[in-house]
Structures are given as structure tokens and as C-alpha cells.
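Below is one structure, written out as C-alpha cells; comments come after it.
The values are calculated or read from the model by the stated rules, or taken from the named source; none is laboratory data. Every value quoted in this text rests on a predicted model; they were computed, and no experiment measured them. Methodologically, a virtual Cβ is constructed for each residue, glycine included, from the backbone with ideal geometry; neighbour enumeration extends over all protein chains shown.
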Amino acid sequence: MSVVINTNSAATIAANNLATSSAFLQRSLNRLASGSKIINPQDDAAGLAVSMKLAATARRQNAVSANLGNAVSYLQTQDGALMVAGKVLSRIGELKTLYADPTKNSDDLANYQAEFAELQTQLTSLSNEKFNGVSLFGSTGLTVEMTADGSTGSTASVGAAALMGTSAPSIFSDNFANLSQWPTQMGGPTVSGNSLSLNNGGGVATAQTFSGALQVTFTVQLSGAGAQAQLGFLGGGVASDLSYGGLINDTAAHSVRVVFDGVGNASTYLDGAATAAQTLSGLTDNNGLVLQNTSGGTSVVSNFSVTAGAGAPSSTSTVANATDLGSLSLSDVTAATQQIATLRANNGAQQSRLQFADEVLRVNKANIEAANSRITDVDVAEESTSLARYNILVQSGTAMLTQANQSAQMALRLLG
């Protein structure tokens with residue numbers, strides 16, 4: 001081996017080894033200090049990419065689990081309202097039975113009727129209950145995410161409970177502020193506020209043109225001797241009238257719902273009743289709706305609306321809209337109770353599903369976190385062994401670099 005002064009190869013090699021050992025020692029210290037095997041992306045580039053996806057999935061599953069918990073709370077609140085509705089119907093059924101007792105006098109019957117009216121109000125108010133501003137009762141329900149990966153079939157619709165039945169979407173409504181939408185004949189009607197007054201025994205207003213199955217709803221109030229309002233079709237310029245005036249013999253305001261099936265038949269329902277008060281068949285055209293007053297006095301129409309289809313009133317709405325205990329039948333109460341029982345059963349089934357879905361999420365989250373741990377979490381026992389090894393290598397490398405640096409002094413002895 002040559003003895004040289006300018007180049008100390010042994011010291012260079014020792015310095016390189018010491019630098020490598022120091023880097024490994026620093027990495028072990030960082031891993032043990034952070035608990036993670038991946039300090040820099042270069043430590044495990046592919047593992048870091050997989051870990052990021054797994055961690056994001058676990059966080060989304062936490063959020064989905066929280067949403068499921070809120071959906072369960074929504075359903076529990078809905079069930080509470082349904083439970084109370086069942087109790088109200090039970091009491092109404094009891095009142096109906098007591099009302100039928102022939103030994104009760106008129107005052108007794110009036111007392112039963114007073115409680116019945118209050119219970120009807122409470123039953124209707126239950127249908128307006130909300131959870132965090134979201135209605136508890138509707139025909140569509142809530143769409144709830146069941147998984148964190150957005151896969152097909154990962155959502156569920158829960159909470160659909162049309163307590164008071166379903167209503168069809170409005171395709172036309174008017175407060176009569178603009179009569180240009182209502183071509184008029186025979187002297188025409190007059191507008192007062194949001195109401196249309198058909199008077200003089202011949203005021204006619206023709207609405208916009210519609211076709212197919214539809215339903216018309218409005219409020220009507222008759223005044224004056226002989227007042228009789230009519231609603232009908234305008235087919236070929238001739239009004240084929242469906243009369244509802246004959247069904248109303250007082251001057252109180254009444255709600256009217258007229259259902260056209262689109263094939264020539266129509267049915268009239270008064271004051272929210274589920275049973276038609278009048279039917280008509282043989283109509284050939286159902287576009288160009290007509291409102292008119294065919295006799296003396298005045299017919300005042302308000303809250304006019306046309307909806308597609310007829311909607312579907314529920315058994316509970318039949319009880320809630322009954323005129324009095326005398327007109328209410330026990331079969332109506334029984335049907336309403338069955339409706340509530342079915343809604344509660346559906347509610348319970350949906351709660352059960354959501355709870356199992358949440359259990360799956362929690363199990364999957366645990367497994368995902370375990371998989372992510374194998375990628376990112378440091379094995380303390382193994383890393384401690386590596387730390388001891390690299391610590392010794394650094395110490396020995398430092399000692400050997402010192403020896404290599406001193407080896408050049410042999411050349412001085414030769415020169416001296």
C-alpha cells in the first residue's frame with residue numbers, strides 16, 4: 001500500500017459509511033418519535049398512496065356512521081309522533097263508541113264532540129311535526145348514504161310516511177289577481193282580494209287548458225237566494241257542467257275537490273271527505289275548465305288550484321277531516337289505526353336496517369384502520385433493534401474515521 005499525503009481514501013470511505021449510518025440512525029429516531037414508518041414520501045411512495053386512500057375511506061365511514069345515527073334519531077322521533085297518533089285514534093274510537101250510547105243526552109253528545117274536535121286538531125298538528133327543520137311526514141322520505149364508497153345501491157330511502165295522504169304536484173294555481181288568465185263570458189266575474197265573485201246568475205270564467213287526469217281544488221262560499229256555482233269542461237265551445245252547487249245549501253265556506261280521471265268521469269269531494277259526494281260520467285273533453293254561477297246571488301271562489309292526478313288521501317286524514325262523531329264510522333277509525341300500525345312497523349324495520357348498516361361500517365372501519373396501520377405504523381420493537389444497531393455503527397464509524405485521519409501522520413515520520 002502506497003503512503004500518500006494528498007488523498008486519504010480510507011478516511012473518505014469511513015466518512016461515507018458514517019454518513020450512511022447517521023442517516024439510518026436519524027430515520028429510526030424519527031420513526032420512533034412519530035410512531036410512523038413513513039416520514040418522507042421517499043420512505044415508501046406506493047405505501048403512502050395506498051395509506052392516503054385507506055385513511056380517507058375511514059374518515060368517510062366515520063361521517064356516514066354519524067349520518068346513520070342522525071337518521072335513526074329522525075326515525076325514532078317520527079315513531080314517537082306515530083305512537084301519539086295511535087293513542088289519539090284509540091281515544092277517538094272510544095269517543096265514537098260512547099257517542100253511540102242511546103242513554104246520552106244532547107249535552108253529553110256535545111261534550112264528546114268537543115273533545116273529538118280537539119283530538120282532530122291534534123291529529124292534524126302531528127302531521128306537521130319536524131326534526132331539525134325536516135318534516136317527519138311525507139311521501140318521499142329521506143335518502144340516506146349507507147356506505148362510504150358510493151357504490152351502486154349504497155343509498156336507502158327511509159322515513160316515507162304520508163300520515164295525511166299524498167298530494168299531487170300543482171300545475172296551475174291562481175289568486176285571481178290577473179284576470180287575463182281567465183277569459184270571461186257573459187259579463188264576466190269580479191275580483192275582490194284573492195277571490196273571484198261569480199254573480200248575476202251568469203258570470204263565467206274559463207281557466208287555461210289542461211288535459212289528462214287532474215284534480216281541481218278551491219274554496220267556495222255561496223250568498224244570496226238561489227246561488228249555485230258550477231265547475232265543468234269547455235268542450236267544443238260548449239260548457240258541460242259538473243254542478244257542485246246543489247251539494248252546498250248554506251252560506252259557509254266549503255272546500256271542494258273535483259277529480260277528473262281523464263276518461264270521461266269526475267267525482268266531487270267536499271270538506272276533505274274521502275267519499276265522493278257526487279259523480280258524473282260521459283264527459284268527452286276535460287280541457288278548458290269552467291267556473292260559473294248559474295243562478296241568482298253570488299258564488300265566491302278562492303284558493304283555486306289544478307294538480308296533476310288525484311293524490312291519495314289517507315285513512316287518518318278521513319278521521320281528521322270528519323265533520324262530527326255522528327258521521328264518523330268505526331271502520332274509518334279502525335282503518336286509520338291499521339295505517340298507523342303499518343307506518344310504525346315500517347319505521348321499526350328501517351331503524352333495524354340502519355343499525356345493521358352502521359354495524360357493518362364500524363367493522364369495516366376497524367379492518368381498514370388495521371390495514372392502514374400495517375403500512376404506516378412503526379413496529380417499536382423492530383425499530384428499537386434497528387436504532388441500537390445504527391447507534392453502534394455511528395459510534396464505531398466515528399472511531400474508525402478518527403483512526404483513518406491519523407494514518408497520514410506516518411508520512412511525516414518518514415520525512416522527519
Right, Val64: assigned to a strand (DSSP E or B), crowded, with 18+ Cβ neighbours inside 10 Å and in contact with a strand residue (DSSP E or B) (Cβ under 8 Å, 6 or more places away or on another chain) or not?
no
Any residue in the range 328-341 that's surrounded by 13 or more Cβ atoms within 10 Å (Cβ to Cβ): show its pairings with residues that are not small (Gly, Ala, Ser) and not in a helix (DSSP H, G or I) at Cβ separation under 9 Å, as long as the two are six or more apart or on different chains.
Gln339/Leu163; Ile340/Leu163
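Quick grid of which residues meet (1) closer than 22 Å to Ala341 by Cβ; (2) touching a residue at least 12 places away in the same chain (Cβ under 8 Å); (3) among the aromatic types (Phe, Trp, Tyr):
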| site | (1), (2), (3) |
| --- | --- |
| Asn30 | no, no, no |
| Ala49 | no, no, no |
| Ala63 | no, yes, no |
| Leu68 | no, yes, no |
| Val84 | yes, yes, no |
Of all residues in the range 350-406, which are touching an Asp or Glu at 6+ places or on another chain (Cβ under 9 Å) and at pLDDT 85 or above?
Gln351, Ile375
Just to be sure, is Arg362 in contact with a helix residue (DSSP H, G or I) (Cβ under 7 Å, 6 or more places away or on another chain), assigned by TED's automatic domain parsing to the domain that holds Ser73 and charged (D, E, K, R)?
yes
